[in-house]
1. How many residues does region 147-167 hold that are assigned to a helix (DSSP H, G or I), without any contact (Cβ under 8 Å) to a residue 40 or more places away in the chain and over 18 Å from Lys191 (Cβ atoms)?
2. Check every one of the helices (runs of 4 or more DSSP H) wholly within region 586-652 and list those with 3 or more residues that are aromatic (Phe, Trp, Tyr) and more than 20 Å from Leu560 (Cα to Cα).
3. Would you check which residues across region 279-326 are of a type in the set (Asp, Glu), under 25 Å from Ser114 (Cβ atoms) and touching a Phe, Trp or Tyr at 6+ places or on another chain (Cβ under 9 Å) and list them?
4. Can you go through Val322, Val383, Val343 and tell me which one is buried (at least 17 other Cβ atoms within 10 Å of the Cβ), more than 28 Å from Met453 (Cα to Cα), β-branched (Val, Ile, Thr) and modelled with pLDDT of 95 or more?
5. Quick one: is Ser253 at pLDDT below 85 and at negative phi?
6. Would you tally the residues in region 164-199 being surrounded by fewer than 22 Cβ atoms within 10 Å (Cβ to Cβ) and of a type in the set (Phe, Trp, Tyr)?
7. Of Leu161, Leu248, Leu156, Leu208, which residue is within 30 Å of Thr290 (Cα to Cα), out of contact with any His (no Cβ under 7 Å at 6 or more places or on another chain) and buried (at least 20 other Cβ atoms within 10 Å of the Cβ)?
8. Taking region 185-241, which residues are in a loop (DSSP other than H, G, I, E, B) and either touching an Asp or Glu at 6+ places or on another chain (Cβ under 6 Å) or at pLDDT 85 or above (or both)?
Amino acid sequence: MKYPWRVLLLRAQNRSALHMSKHFSQPQVQFNPNLQSLRSFTSLLHPHSIRDSLSSPSSGFIDFVIPLNPMTRNFASEPALEQSETDHAVITDIFSKDMGFDDIKKELSLNNVSVNHDMVLKVLQNLNSSPDVARRFFNWVLESDSESLSSKSYNLMLGILGVNGFVKEFWDLVEVMKKKGYGVSRGVRDKVLESFEKGGMDNDVGKLKALFASGSTDNSTEKICSRVSKIVKHNVWGDDVEKQIRDLNVAFSSEMVEWVLENLGAEPDKALIFFRWLEESGQFKHDESTYNAMARVLGREDTIDRFWKIVDEMRSRGYEMVVETYVEVLGRFCKRKIMKDAVDLYEFAMAGTNKPSPQCCTFLLRKIVAGKKLDMSLFSRVVKAFTGSDNVLTNSMVDAILKSLISVGRSGECNKVLKALEEGGFVPSGNLQSKIAFRLGAGGNTDGAYEFMNNVEASGSYPDHKTWVSLIEGQCAAGNLDKAFDSFQTMVKKEGVSNAGYTFELLMNAYCQKNRAIDATKILCQVVDENHLKPKHSTYKLLITKLLVQGGFTDAVKTLGTMRDSGFPPFADPFVEHVSKSGTGDDAILFLKEMTSKKFPSKSVFLRMFNAFFKCGRHEEAQNFLSKCPRSIRNNAEVLNLFCSMKSTEGASSGKLDA
C-alpha cells in the first residue's frame with residue numbers, strides 16, 4: 001500500500017464485500033477538462049436576439065437571465081426543508097404563466113423557492129406532457145445557473161422534446177450534449193425511438209439507432225462515472241482497483257467526481273477511500289464542489305466523526321458548505337433526531353460565509369421544542385448563534401416556535417422558552433402577547449398563563465387590554481369558566497371597568513353555552529354591585545334569553561329588573577313568548593311588574609299578553625291572568641271586548657261542532 005490512510009479506511013470496510021473476478025474491459029477514453037464554453041441551448045433553438053425574445057411573449061422562452069453568484073446565496077428556508085415535495089409544483093405554476101424575466105424572478109423570491117440541481121430534476125420529471133413549460137424552465141436555468149444542469153437534466157429535457165415532436169430541437173440538444181461530453185441515456189433512447197417509430201419518422205429512427213451503434217455514447221460522462229463506480233463498489237480496494245481506474249484514462253472533472261461519490265453514497269467508506277486516493281495519487285485536486293459532495297455522503301448517523309473531519313478540512317482549505325449540502329444533511333440529522341449534531345451543523349454554517357436564513361433558524365428551533373425531550377441547552381445555542389450574527393428574532397419566528405411547542409403538549413415549558421428568547425434580545429409585541437395568552441389559556445395551562453402575565457408585567461411591558469381578553473377567551477374555550485372569571489376580576493382590578501363590557505359578555509356567553517346561565521346571573525349581580533360594571537344591552541338580552549330556555553324564569557325576571565335599572569328599554573319579547581306558552585297568570589303578573597319602575601306597565605302591554613295567551617289557545621290561563629290584573633285593567637272596555645270576542649269565537653266554533 002502506497003498510502004498510509006488506506007490502511008485505516010480498509011479496516012472500516014465491509015468484510016463481506018463481493019470479490020469480482022471479472023474486470024471491466026473498456027476502451028481508453030480521453031477527456032479534456034477545459035472544454036470551451038458552448039453557445040446556450042436557447043440560441044440553438046431561437047437564433048433571435050435576447051431583446052427580440054423578451055419582447056415576444058409568444059416565443060415561449062425566457063432568454064435573458066442575470067447570472068447568480070453562487071457564493072452569495074443564502075441557505076434554504078424552512079419550506080425548502082419541509083416542503084421540498086411541493087416546491088416543484090410552485091415552480092411549474094410560475095413557468096406555466098406568460099411572464100417576463102423580472103416577474104419570474106419576483107415570483108420565485110416571493111414563494112421562497114430555490115432552484116438547485118435536485119429541484120431541476122424534480123420539475124423536469126413532472127413536465128413530460130408540458131413541453132412548452134419545460135423549455136421555458138430549462139432555458140431559464142441554463143442562462144441563470146447552468147451549473148444546476150447535469151447530464152441527467154439534459155437527458156430529461158431531451159426526452160421531453162423527443163416524445164412531444166420537437167425533432168429539430170431534439171437533435172440540436174444532442175449536439176450540445178456531445179460537446180459537453182454528455183451521452184444520450186438508454187432510457188431516453190428507447191422512449192424517443194418508440195415515439196419516432198409511431199410517427200413514421202424513418203430517417204430520425206435510423207439516425208438515433210446509428211448514434212448508439214457508433215458507440216459514441218460509451219464515452220459519455222455518465223458511462224465513465226458508472227464504470228468507475230462499479231469498479232469501486234464491486235471490489236475490495238487495492239492496487240488492482242487503482243490500476244483499473246487508471247486504465248480508463250479519465251481526466252476527472254468536479255462533476256464527474258461528484259457523480260461517482262453520489263453513486264457510492266450507500267457505501268460511505270468506499271466513497272471516502274476513492275475521495276482520498278484521487279488527490280493522493282495526483283488524479284484530481286479537490287475543490288469546493290467535491291468536498292461538499294463528500295460531506296453529503298458522510299452526513300449520516302453512522303459516519304458522523306468522518307463527516308466533521310471532512311467539513312473542518314474543507315473550511316481549512318478556504319471552501320464553504322453550499323446550500324444543497326446544508327439542507328440535505330440538516331434534514332437527515334433532524335429526521336434521525338440527532339439534534340446535537342444538527343445544532344453543531346447550524347453553528348458551523350453560521351460561522352461561515354454563507355449563513356443560513358432566518359427560516360432555517362425557525363425550522364431548527366421548532367424541531368428542538370417538538371423533540372422527544374426539550375433540550376434548552378441546544379435551544380439556547382441556536383438562539384445565540386442566530387443573534388450573534390446581528391440577526392433579530394421576529395414575532396413571526398417566535399409564534400411558529402411556540403405553535404410547535406404547544407402542539408406537542410408542552411405549554412408548561414412556554415415561559416422557559418420565552419425566557420431563552422428574551423435573553424437573545426426578543427421583546428414580544430402586544431399582538432404576540434395576546435396570541436400566547438390565548439394559547440396558554442386554551443391549553444388549560446392556567447399556572448403557566450398567570451406566570452406569563454406576571455413575567456410580562458415584571459419586564460415593564462404591562463399586558464394590554466387585548467392580552468387580558470385573549471387570556472380569558474382562551475380559558476373560556478378550554479371550559480375553565482371559573483378560572484376565566486378569576487382572570488376577569490384581576491383584569492378589572494388592574495384596568496377598571498370602563499373597557500370591560502365586551503369581555504364580560506364573552507364570559508357570560510361562555511357560561512350560557514355550558515348551561516350555566518343561572519351562575520352567570522349571580523356573577524352579573526356581583527360585578528354590577530361590587531365593581532359597578534355596566535353590562536352591554538346585548539349582554540342582558542343574551543342572558544335573559546338563555547335563562548328562560550334553561551329554566552331560570554325567576555332569575556330572568558330579576559335580570560330584567562337590573563336591566564331596567566341600568567337605563568335600558570325592557571326586553572319583553574322572550575317573556576311574552578315564554579309565559580304564553582308555558583307560564584301561568586302569576587308568572588305574567590311577576591314579569592309585568594318587573595319590567596317597569598311603576599306599579600304596572602301600560603294597558604297595551606296587558607293586551608299584548610292577553611292576545612299571546614289566546615293565540616296559544618290558553619283561554620283559561622288568560623282568564624286566570626285577568627283575575628289577577630289590577631281593577632283598571634279588569635274593567636277596561638277594550639280588554640272586556642277582547643274577551644267577549646274570544647267567547648263569541650268559541651261559541652261559534654262549538655255550535656259548528658254540535659251541528
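1. 1
2. 603-615
3. Of all residues in region 279-326, those of a type in the set (Asp, Glu) come to 279-280, 287-288, 301-302, 305, 312-313, 320, 324.
Okay, now just the ones that are also under 25 Å from Ser114 (Cβ atoms), so 287-288, 320, 324.
Across region 279-326, the qualifying residues are Asp287, Glu288.
4. Val343
5. Judged against the criteria, Ser253 is not a match.
6. So the count comes out to 2.
7. Values: Leu161 fails: within 30 Å of Thr290 (Cα to Cα); Leu248 fails: buried (at least 20 other Cβ atoms within 10 Å of the Cβ); Leu208 fails: within 30 Å of Thr290 (Cα to Cα).
One residue alone meets the criteria, Leu156.
8. Selection gives Gly199, Gly200, Met201, His234, Asn235, Val236, Trp237, Gly238.
The values are calculated or read from the model by the stated rules, or taken from the named source; none is laboratory data. Since the model is a prediction, treat every value here as computed from it, not as a measurement. Positions of Cβ are backbone-derived with ideal geometry, glycine not excepted, and every protein chain shown enters the neighbour counts.
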